[in-house]
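Visitor: Supplied in structure tokens, the structure appears directly below.
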Amino acid sequence: MPEGDTLYRTAAGLRPHLLGRTVTAASARQPGPRAERIVGATITDVDSVGKNLRILFDNGLEVRTHLRMNGTWHRYRPGERWRRPASRARLVIEVPGAVAVCFDAPVVELFEQRAERLHPALSALGPDLLAEDFDPDEVRGRLREPSRAGVTIAEALLDQRVVAGIGNVYKCEVLFLERVSPFVVVSEVDDTTLDRLVTTARRVMRANVTSVRRGIERVTTGGEPRIGGPLWVYGRAGRPCRRCGTIIEAVRHGTDLPRRTFWCPSCQRRAA
């Protein structure tokens with residue numbers, strides 16, 4: 001699933017071609033939003049909030065997409081051949097000089113911007129990890145809510161109501177970097193460790209939105225050749241830990257939406 005850095009880069013890639021331009025044509029696969037409502041409107045912003053991409057219009061409307069596992073945004077020149085079949089296009093927005101196409105996204109919504117504070121997904125989001133005004137104290141406060149005391153730290157980091165933007169890759173990598181077991185519950189993690197996890201997540205994610213590394217999706221090892229790969233543990237089950245040599249393990253983990261967790265049993269002993 002695309003994580004916060006992917007959506008940030010996607011918005012940054014679309015913004016120069018859409019911002020300030022008037023929509024000349026729009027269509028959406030049905031069932032879906034009434035795309036004709038944005039024709040004639042001018043795009044006032046293109047941004048990301050956690051794993052959501054938003055496009056705002058001067059007529060008070062807003063498009064929200066959530067890409068989940070298979071969704072993606074493409075940008076084409078008018079008349080350019082698309083790299084995916086038109087049948088997979090969920091939303092097409094045409095402006096002078098550019099065509100933006102959202103393929104395969106399971107969530108494509110159009111609604112009034114004023115309703116965002118009541119939106120069931122957007123209104124519940126925690127602080128956006130990549131926002132300039134990111135507040136780590138608020139994240140710590142959300143983690144310390146009594147309802148999360150018995151939740152494992154791995155599940156808590158994935159909870160977009162705690163902090164928006166962290167996905168399964170960053171969850172695994174950040175816990176490894178800070179030597180925290182994925183299976184320790186939040187109540188057993190001290191405030192200093194919680195703050196370190198959030199700070200590290202923000203640091204590595206920001207590093208991945210400000211640099212491009214030969215098409216690699218994300219890098220948490222710093223790109224050092226001696227380490228021999230972009231990631232520490234994610235996707236490396238059965239292979240030796242890059243830090244200590246212990247075999248990396250993996251297990252499906254979580255209650256609401258089990259995800260595969262990768263960790264080093266030696267570097268991440270069950271103690272926060």
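Visitor: Looking at (1) without any contact (Cβ under 8 Å) to a residue 24 or more places away in the chain; (2) of a type outside the set (Asp, Glu); (3) assigned by TED's automatic domain parsing to the domain that holds Gly40, which is the only condition Ser123 fails?
Guide: (3)
Visitor: So in the stretch 258-270, with the set limited to residues that are touching a residue at least 60 places away in the same chain (Cβ under 8 Å) and part of a loop (DSSP other than H, G, I, E, B), which one is nearest to Val186 (Cα to Cα)? Let's see the steps before the verdict.
Guide: Within the stretch 258-270, the subset touching a residue at least 60 places away in the same chain (Cβ under 8 Å) is 259-264, 267-270.
Among the residues that remain, those that are also part of a loop (DSSP other than H, G, I, E, B) are: 264, 267-270.
Values: Cys264: 19, Cys267: 19, Gln268: 15, Arg269: 15, Arg270: 12 Å.
The residue in question is Arg270.
Visitor: Look at Ala149 and say whether it is without any contact (Cβ under 8 Å) to a residue 60 or more places away in the chain and over 20 Å from the mean Cα position of the chain (by Cα).
Guide: Working: without any contact (Cβ under 8 Å) to a residue 60 or more places away in the chain: yes; over 20 Å from the mean Cα position of the chain (by Cα): yes.
So Ala149 passes the test.
Visitor: Just checking, how many residues over the stretch 120-135 are crowded, with 16+ Cβ neighbours inside 10 Å and not aliphatic (A, V, I, L, M)? Break it down into steps so the answer makes sense when it comes.
Guide: Step one: filter the stretch 120-135 for residues crowded, with 16+ Cβ neighbours inside 10 Å, giving 121-122, 125-131, 134.
So of that shortlist, the ones also not aliphatic (A, V, I, L, M) come out as 126-128, 134.
Summing the residues that are crowded, with 16+ Cβ neighbours inside 10 Å and not aliphatic (A, V, I, L, M) in the stretch 120-135 gives 4.
Visitor: Which residues, counting only those in the stretch 220-238, are at pLDDT 90 or above and among the aliphatic types (A, V, I, L, M)?
Guide: If the condition is that a residue be at pLDDT 90 or above and among the aliphatic types (A, V, I, L, M), then Leu231, Val233, Ala237 are the ones that fit.
Visitor: Further, regarding this structure: Is at least one residue of the stretch 122-135 closer than 23 Å to Val251 by Cα and not basic (Lys, Arg)?
Guide: The first filter runs over the stretch 122-135 and keeps only residues closer than 23 Å to Val251 by Cα, leaving none.
Within the stretch 122-135 (the criterion being closer than 23 Å to Val251 by Cα and not basic (Lys, Arg)), the answer is no, since none of the residues qualifies.
Visitor: Looking only at the stretch 45-58, decide whether some residue is farther than 18 Å from Glu116 by Cα and surrounded by 15 or more Cβ atoms within 10 Å (Cβ to Cβ). Can you show your working first?
Guide: Here is the first cut: in the stretch 45-58, the residues farther than 18 Å from Glu116 by Cα are none.
Taking every residue of the stretch 45-58 in turn, none turns out to be farther than 18 Å from Glu116 by Cα and surrounded by 15 or more Cβ atoms within 10 Å (Cβ to Cβ).
Visitor: Give the number of residues within the stretch 160-172 that are surrounded by fewer than 24 Cβ atoms within 10 Å (Cβ to Cβ) and either without any contact (Cβ under 8 Å) to a residue 12 or more places away in the chain or charged (D, E, K, R) (or both).
Guide: Final tally of qualifying residues: 1.
Visitor: Here is a further query. Within the stretch 4-50, work out how many residues are touching a helix residue (DSSP H, G or I) at 6+ places or on another chain (Cβ under 6 Å), over 16 Å from Arg75 (Cα atoms) and part of a loop (DSSP other than H, G, I, E, B).
Guide: The total comes to 1.
Visitor: Quick check on the stretch 85-92. Is at least one of its residues touching a Gly at 6+ places or on another chain (Cβ under 9 Å), surrounded by fewer than 17 Cβ atoms within 10 Å (Cβ to Cβ), in a strand (DSSP E or B) and not hydrophobic (A, V, I, L, M, F, W, C)? Spell out the reasoning first.
Guide: Residues of the stretch 85-92 touching a Gly at 6+ places or on another chain (Cβ under 9 Å): 90-91.
From what is left, the residues that are surrounded by fewer than 17 Cβ atoms within 10 Å (Cβ to Cβ) are none.
No.
Visitor: In this structure, is Arg179 among the charged types (D, E, K, R) and within 20 Å of Cys264 (Cβ to Cβ)? Before the answer, list the steps.
Guide: Working: among the charged types (D, E, K, R): yes; within 20 Å of Cys264 (Cβ to Cβ): yes.
Yes: the conditions hold for Arg179.
Visitor: Does the stretch 52-91 hold any residues that are of a type in the set (A, V, I, L, M, F, W, C) and under 22 Å from the mean Cα position of the chain (by Cα), and which are they? Working first, answer last.
Guide: Filtering the stretch 52-91 down to residues of a type in the set (A, V, I, L, M, F, W, C) leaves 53, 55-57, 61, 63, 67, 69, 73, 82, 86, 89, 91.
Within the stretch 52-91, Leu53, Ile55, Leu56, Val63, Leu67, Met69, Trp73, Ala89, Leu91 meet the criteria.
Visitor: Look at Arg114 and say whether it is touching a residue at least 12 places away in the same chain (Cβ under 8 Å), under 21 Å from the mean Cα position of the chain (by Cα) and surrounded by fewer than 19 Cβ atoms within 10 Å (Cβ to Cβ).
Guide: Numbers: touching a residue at least 12 places away in the same chain (Cβ under 8 Å): yes; under 21 Å from the mean Cα position of the chain (by Cα): no; surrounded by fewer than 19 Cβ atoms within 10 Å (Cβ to Cβ): yes.
It is false that Arg114 is touching a residue at least 12 places away in the same chain (Cβ under 8 Å), under 21 Å from the mean Cα position of the chain (by Cα) and surrounded by fewer than 19 Cβ atoms within 10 Å (Cβ to Cβ).
Visitor: Residue check: is Val107 surrounded by 12 or more Cβ atoms within 10 Å (Cβ to Cβ), within 29 Å of Leu197 (Cβ to Cβ) and assigned by TED's automatic domain parsing to the domain that holds Ile43?
Guide: On the way: surrounded by 12 or more Cβ atoms within 10 Å (Cβ to Cβ): yes; within 29 Å of Leu197 (Cβ to Cβ): yes; assigned by TED's automatic domain parsing to the domain that holds Ile43: yes.
Yes: the conditions hold for Val107.
The values are calculated or read from the model by the stated rules, or taken from the named source; none is laboratory data. Everything numeric in this text was worked out from a predicted model, so none of it was measured. Backbone-built Cβ (ideal geometry, glycine too); neighbour counts: all protein chains shown.
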